[in-house]
1. Can you spot the lysines whose alpha carbon is less than 20 Å from residue B:56's alpha carbon? Ignore those fewer than 8 places along the same chain.
2. Using alpha carbon centroids, what distance separates region B:359-388 and region A:269-307, in Å?
3. Give the peptides B:321-331, A:231-241 in descending order of average Cβ contacts within 10 Å, highest first.
4. Hey, what D do you get for the protein assembly as shown in µm²/s if you plug the Kirkwood alpha-carbon radius into Stokes-Einstein at 4 °C and 1.567 mPa s?
5. If packing is taken as the mean number of other Cβ atoms within 10 Å per residue, what is the order of A:51-60, B:252-261, highest first?
6. R0 = 60 Å: FRET efficiency of residue A:119 with residue B:293, Cβ-based, nearest 0.05?
7. Give the aspartates and glutamates whose C-alpha is closer than 20 Å to that of residue A:123, dropping any in the same chain fewer than 8 places away, or say none.
8. Give me a single rounded figure for B:410-417: the average over its residues of other chain Cβ atoms within 10 Å of their Cβ.
Amino acid sequence: MRAGWGAAAARWLLLGVGVVLANFALPRLLPGSPLTAPELAPLPAVAHQRIRAEYLLGRPWTEQFVHYLGSVARGDLGRSLVSFRPVTQVVGERLPWTLLLVSTSWTAAAVLGAVLGTLSAAKGQGRWTSAWLSAAVLIGSLPEFLLAGLLILTFSVWLALLPASGAPVPPHSWDQVARHVFLPVVTLTVSATPAFALVSRDLVGAVLREPFLLTVRAKGASSWGVLRHAWRCALPSFLTLAGLRLAGLVTGAAAVERVFGYPGLGSLLFDAVLQRDYPVIQGVFLLGSVLVLTASTLLEVVARWLDPRVR
Amino acid sequence: MFLLLLALVVPAGGQEAPVRIAWWTDVGFPTPFAFSTVGPGGVVRLTLLYDSLLWKDDRGLIPWLAESWRTSPGGTRYVFRLRRRVVWHDGRPLTARDVRFSFAYFRRHPFRWVDLSVVQAVEVQDRDTVVVQLARPFAPFLENVAAVVPVIPEHVWRGVDTPEHLQDLVVTVGSGPYRLAEYRPELGFYRFVAFDGYFRGRPGVREIQYVVVPTARQVLAVQSGEVDLAMTTAPEVQDLFRGHPSLRVLATEPLSVARLVFNLEHPLTGRKLFRQAVAHAVDVQGVAALVTRGSGVPGNPGVVRPGDPWYTPQVRRYAFDPVRARWLLRFLGYEDRDGDGFLEGPDGTRLVVEVVTSAARETEPVLRSLAQVGMDARARVVDPATRAQLAAEGRFAVLYTTHVGAGGDPDYLRTWFSGEDANAFAAGTVLRTPEFQRWARLQAEAVDPAHRRRAVYQLQRVLSEELPTLVLFYRPFYWMYDSRKLRPWNTRGGLLNGIPLVENKLVFLPGSR
C-alpha cells in the first residue's frame, strides 16, 4: 500500500517537472516574438529595451529558465506583456468561469455516461444496444466546435431560446449566467458522455459476468441491488478513467470557450498565443496542468480508498 | 458544486438600459498607457474618457479643448487658446499646464498611437494659452497629433513612473463626456457613464457599455437585441436589414485596405520589373469584386483611394494584362523551358512566389492570377503575430495584409513605407529611393497647402512607379445599429487617423453634429 502511494507521489513529481519544463519551453518554441507581435511592435525602442530587460528576452534560455524557476518558486508569475497586469490576477479572473464549465460538464457527462452505460450493460447485446453504441461513437467523434456550431444554430438562431455568446453582461444574475453557460456545458457534456458511457458499459458488463454476482442473484437481490454490487467493483476503475478524461475535457473546453466567446482560460490562452504573451501562456499552462494533475491524483486517491483489494 | 461556482461569478446588482456596443475582444485598460493597439478599438474607446485639443466631425477638424489656434508662418509654432470652464471628472479645472504636462509625460511614457518626436517643446503662455514648438514643420500636426493626443491631468499622473501598471478606476480621470464606471477585463466589458459636467453639455446617452461578441456572431447579436451597435464587413447585411422597423446599416468610407506588400530587399521582389509584372498579372478588379462581394473599391497603384480628397489619377496604371506580365517576366529571364506550365529562371529553377498571409481565402484569387502567368504561387498561412514577425524581420517575398488607415491626412503615404507607422499591420517594407524620400519629406514639411498637395500627388506617382505595395481593394465597414438607441454617422476621413469606426463622441452629445 505504502509502495503504491510512493509510486504515485514519484509520478506526480515527475509530471510536475515535465510540466514546468514544457511550460517554459512551449511559448518560446512558437514562431515570432512578443516584441514584434502587433501588440508591442508599435512601442518605441526605449520601451522595447525596458521589456527586454524585465523579461530577459534575447538572453540565453538557461538564464531565462533560472529566472523563471525563481519566479515560480516565489509564486510570482510576472505581468502580462500585453495588458501589463499581474498574471495571477489575469488568470484568477478566468479560473472560476472555466471551473464552472468544466466541472459541470464533467460531472454531468460522468453521471449521464454511467447511467447509459449501466442500462446498456444490463440489457446485454441487442439491436437497440448496437444502435445506441453506434450513435455514441458518432457523437463522441464529432469535434467540439462543430457540435457547438450546431447547437448555436438550433437554440440561438432557429429557436432563439438561448444567447449565442458565452460572456454574460454584468451585473450578473443567476439565471443570466446559467443561460449563457448552458450551451457551452451542453456541448462539452454531449461530447464527453459517449466515452463515459462506453467505459461504464464495459466495466459494469465485465463485473456482471463475475461468478460472485450469481451468489448475489441467488440470494434474491433485485436488479437494482445487483447493479449496486456491480458498481461497487467498477467504481474505482471508472474514477481513474474519469480522471484521465478530465485532461481531454479541459482541452475541449478551450475550443468551446473560443467558439462561444466564453470568458475562461481557453479564450485567454488563445489570445495570449496570438499575442506571444509568454507570461500569460505560462500562467495558463501551469495552472491548467496543476489543476488536472491535482484532480486526477485526488480521484486516484478516492479510487484506491474505495477498492478493498488495494486498501 | 454548480451553485457554488456560479456564486463565484455572480455578484448582485441592477441597472437601467444602456447603449451596448459589440467588439470582438478586450482592448485593455483605457488609459493612454495600457490600452491595446491590436486594432483601433482601444484608442477609440479612450476618446470617450479623454479630450484632445482639436476633434473631427463629418466635415473635418473642429475646435475642441482649444477654441482657437494659430500657426506661425514657418509652420513650427502652434498657439492654442484653450476653452474656459473645462473640468476634469474630479471637478478640478483643466488648464494649459495639463496640456504641457501631457506632451512632456508622453515623451517619457509614450502614447503608442502617435509618434510625438516632432514636438520639441510645449510652453504655457498663460492659464488658457499653450504654445507647441515643433522641431521642424509638420503638415499633419493638427489632424494626426493635435486631434489625436489625449490631454491627461497632471494632478493624477505626476510622479507616476510606471503608468502602464497603474490600472485602477481612480486614474481614469479625464475631461471627456464619459467616466469609466466599470471594467471587467475577463469579459472585455466596459461601462461608461455620462459626465454631467462636460463642457459640451450633458451627454444624451447616459450609459455606454462595450461587450465582447465573437466576430462571426455580431449580426446575430444585433438581430437578437443583445447589442445596439456592431460591425461586419459583409455587405449582405444591407439587404438583411432593409425594411426593418428599427435596425439600420451605416456603411463607412472604404478606409480598410487590402494589399500585397513586396519585400524590396528580396532578390526576386526587389526588382521593380518583377513587381510591375505582378501588377499586370493580378486582376485587381476581379479580386476586389470577388473578395468584397462587390462592396470594395479596386486598388489604386498610387495607394490613395479613388474618391479621397488627396487622390490623383495622374499615376502609372497597370491594366490586367497577363500577356504583358509574361513578357516582363521573360525580360527578367523567366520562361517555361520544360513545357510544364511553370516559368523557370535561366538556371532552370522554377519561379516560386510565396505569399505570407493570415487570410487564406482572400489570398486565393491572387494566387490564381499569378499561376495564370506561370508563377508557382503558394500561400504560407500564418497567424497575425507570426506575419508581423516575418514582416519586421524582412523574412518574406510577398505579404498579404489588411488594415485600416487609408484615409484622413495623407502622411500615411510616408509612414507606411518608411517603417514609422504605429500599426504593425501597415509595416513590412521600406522604400529607400531618393525620389520617394524627397517627396515624402516635402509633403510632411510643406507649409503652403498648394505645395503640399503637389508633393502628395508626386508621392503617389512615385509609389505607383516603384510599387512597394500593390493595393488590391479598399473596403467599407458596415455598422448595424438600433436607430431607437443611437444614430451614428461617419467622421470625415475616419475617426482619429483614418479609422472607420462610428462611435464618435459627438454621436452621444445632443445637437452637436
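1. Residue B:56 reaches B:505.
2. The two parts, judged by their Cα centres, are 38 Å apart.
3. A:231-241, B:321-331
4. Estimated via Stokes-Einstein, D reaches 43 µm²/s.
5. Packing order, densest peptide first, comes out as B:252-261, A:51-60.
6. 0.70
7. A:202, A:210
8. Other-chain Cβ atoms within 10 Å of each residue's Cβ, averaged: 0.
Quick note: the coordinates plus some simple rules give every number you see, no bench work behind them. Note that this is a predicted model, so its numbers are computed, not measured. In this analysis, Cβ positions are derived from the backbone assuming ideal geometry, glycine residues included, and neighbour counts consider all displayed protein chains.
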